[in-house]
Amino acid sequence: MPKKIRVCLLLLLFLILFPVFALAKTGTVTASSLNMRKSASSDAKVVKVLREGAKVEIKDTSGSWYKVSAGGTTGYVYKKYIKVGSSSSSSNNKSDSNKSSSSRSSSSDGTCGPGDTGSAVKKVQQRLKKLGYYTGSVDGDYGNGTKTAVKNFQKRNGLSADGKVGAKTLAKLNSSNAKKASASDASGGESTSTAKGTEMPNWFKGGSDKIPHHTTFTVKDIRTGKTFKVKRWTGYNHMDCEPLTASDTKIMKSIYGHWSWKRRAILVRYNGHVYAASMNGMPHGTSTISNNNFDGHFCIHFYKSKTHGSKKVDDMHQKMVKEAAKHSW
């Protein structure tokens, strides 16, 4: 083949591959939770929900959207919620993508940690429950309750208490000589004195597992007595929720008069239990229900829960939680 033709072919190959390598970037989710959609539209179907800190591989760009891949799923997310970091080669990107997959879903070797989901997490929860450390739902979601239970198990069994199920913790957890929990070790056992029938569980000691993700429950505003249905979407430091229907949104707005960040004392009823809590009334961030007339989600705080931004306990929310604890449904 003539040298001139070879040079032209190499140049053509470079021009074809250059965009691929130029887009070979990884990104980090900066929102508390972020919808990955089937197409570059806010009306498109949600194919996956990414949590804060999750890693994604950026495949392409489309206006204000990135086409990304994470945990074996490909879809579109808003650019403004992704912090972009370049990688030196496509092979490095592949490595980052694999890390993202293993950190957000069950690993094949059974190890797992906060934010992970899947069968490995379920097995850990089942074992922790059998040993008396875990009192939450066996839902395969590595939340705060699971993390606390793991840390208590690690402390009692002489392991480094980092709240992650690594190889050593997993081996001890599944061993015949794993120590069972004492009365103070159970992850859901902490509550404070409240009105009859009302509970005030510590969010980071099992409280976050009282109402599982994607569950519907009822909220009662203390001051007005009005009630409406709510669906828990996600939330690590507190619950991110949405009114279930347009009618529920109308009731919620009537409680406030207009949308507001103001904290209000509420009771939350789910599965025969009533919990003291606090809510704000401002739609913000991502939404997962398209026909409820609520553009975003709102926050519900429990005893000792924290904000997503500052990652600190909000004094006013805690004041409202304690006020709600004085009341019964």
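Listed values, structure above:
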quantity: Filtered residues of the range 54-67 (kept if part of a strand (DSSP E or B) and over 22 Å from Gly235 (Cα atoms)); calculated: Glu57, Ile58, Lys59, Asp60, Thr61, Ser62, Trp65, Tyr66, Lys67
quantity: Wholly enclosed helices (runs of 4 or more DSSP H) of the range 107-180 bearing at least 3 residues of a type in the set (Ser, Thr, Tyr) and in the same structural domain as Tyr270 (by TED's automatic domain parsing); calculated: none
quantity: Flag for Ile222 being more than 25 Å from Gly136 (Cβ to Cβ) and touching a residue at least 60 places away in the same chain (Cβ under 8 Å); calculated: yes
quantity: Some residue of the range 273-287 being hydroxyl-bearing (Ser, Thr, Tyr) and assigned to a loop (DSSP other than H, G, I, E, B); calculated: yes
quantity: Any hit, the range 48-63, residues being under 22 Å from Asp240 (Cα atoms), modelled with pLDDT under 85, surrounded by fewer than 16 Cβ atoms within 10 Å (Cβ to Cβ) and of a type in the set (Val, Ile, Thr); calculated: no
quantity: The listed residue being touching a His at 6+ places or on another chain (Cβ under 9 Å) and either crowded, with 21+ Cβ neighbours inside 10 Å or under 21 Å from His284 (Cα atoms) (or both), out of Asp209, Asp240; calculated: Asp240
quantity: Of all residues in the range 27-47 being touching a Leu at 6+ places or on another chain (Cβ under 9 Å) and of a type in the set (A, V, I, L, M, F, W, C), the one that is surrounded by the fewest Cβ atoms within 10 Å (Cβ to Cβ); calculated: Ala31
quantity: Subset of the range 288-317 [touching a residue at least 12 places away in the same chain (Cβ under 8 Å), closer than 16 Å to Thr234 by Cβ and either assigned to a strand (DSSP E or B) or among the small types (Gly, Ala, Ser) (or both)]; calculated: Gly296, His297, Phe298, Cys299, Ile300, His301, Ser305
quantity: Residue match in the range 242-258 (condition: within 28 Å of Gly115 (Cα to Cα) and at pLDDT below 95); calculated: no
quantity: Count of the range 227-247 residues which are among the hydroxyl-bearing types (Ser, Thr, Tyr), in contact with a Ser or Thr (Cβ under 8 Å, 6 or more places away or on another chain) and farther than 23 Å from Lys312 by Cα; calculated: 1
quantity: Output for the range 112-137, where each listed residue is over 15 Å from Ser175 (Cα atoms), of a type in the set (A, V, I, L, M, F, W, C) and either at pLDDT 90 or above or surrounded by 24 or more Cβ atoms within 10 Å (Cβ to Cβ) (or both); calculated: Cys112, Val121
quantity: Top-ranked residue in the range 192-244 [being within 18 Å of the chain's Cα centre (by Cα) and of a type in the set (Asp, Glu); ranked as farthest from Leu34 (Cα to Cα)]; calculated: Asp209
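The values are calculated or read from the model by the stated rules, or taken from the named source; none is laboratory data. Treat the numbers as computed from the prediction; the structure is a model and nothing was measured. Backbone-built Cβ (ideal geometry, glycine too); neighbour counts: all protein chains shown.
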